[in-house]
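The values are calculated or read from the model by the stated rules, or taken from the named source; none is laboratory data. Model, not experiment: these values are computed from the prediction. Cβ placement follows ideal geometry from the backbone for every residue including glycine, while neighbour counts extend to all protein chains displayed. Only protein heavy atoms, including side chains, enter the accessible area calculation; ligands, DNA and RNA are left aside. Shrake-Rupley method; radii C 1.70, N 1.55, O 1.52, S 1.80 Å.
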Amino acid sequence: MSTAPEDNDRPENTTSTGEGSPQPKFEPGVTSDTGTAETADSAEDGFTGAEHGEEYAFVAVEPEPRPGGGFSTETLSIVGVALLAVTISSGQLLELLTSMIMLGGQPIDAGQIRSIEAQLWMGGAVALLTVLASALALTLLNAGSRSWARWTATATLVVGVLFVLVAAAAFLLVPDAAPQQMLPPMPN
């Protein structure tokens, strides 16, 4: 049986309605050589001829629908990449870690310590948001999620965790404040 337009008017492909023009006969799931009602019923169930030892006909299963909107795997993986780009482009976490390693525990001014700790908190917070967005993207994965979103979220999660560790290590390496020096009294 052909589905070409010129073959639709053959007698085996049409049914007569008695009004003069033959109507096309469409029977999904039934081949022209097996036209029994039992085969047609089993074809509708997704099986053909299973009772007679014939092969099964498998129905393709569509993947689960992806959650739409702002909380899809794809969206959250892109958010993770954007947050990671902010963390990397600022460069402050790696710079501060290097500075703390180079100081080697030498005391510094208390005002600088507050500034350094504030920068570390902000950089670490953005890195932590990167980790949270990527982890949420990975928890929303399903069969319908695109593979690029899975790989992007995984890579962003790994790099984000590394930046959180860098922020924590730099915070632990911040030296103590230098003792305040007393100014000599001014002459009157």
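Residues in the range 146-177 that are open to solvent by 70 Å² or more (accessible area, probe 1.4 Å) and within 21 Å of residue 99 (Cα to Cα): how many?
Selection size over the range 146-177: 6.
Starting from the range 75-86, take each residue that is at pLDDT below 95 and surrounded by 17 or more Cβ atoms within 10 Å (Cβ to Cβ) and list its partners that are among the acidic types (Asp, Glu) and not in a helix (DSSP H, G or I), counting only C-beta distances under 8 angstrom and pairs at least six apart or across chains.
From the range 75-86, no pairs qualify.
What tally of residues in the range 91-121 results from selecting those that are in a helix (DSSP H, G or I) and either of a type in the set (Gly, Ala, Ser) or surrounded by 13 or more Cβ atoms within 10 Å (Cβ to Cβ) (or both)?
19
Against the conditions (1) assigned to a loop (DSSP other than H, G, I, E, B); (2) of a type in the set (A, V, I, L, M, F, W, C); (3) open to solvent by less than 50 Å² (accessible area, probe 1.4 Å), where does residue 143 fall short? Just the number, please.
With (1) assigned to a loop (DSSP other than H, G, I, E, B); (2) of a type in the set (A, V, I, L, M, F, W, C); (3) open to solvent by less than 50 Å² (accessible area, probe 1.4 Å) applied to residue 143, the lone miss is (3).
From (1) in a loop (DSSP other than H, G, I, E, B); (2) within 25 Å of the chain's Cα centre (by Cα), pick out the condition that doesn't hold for residue 181.
(2)
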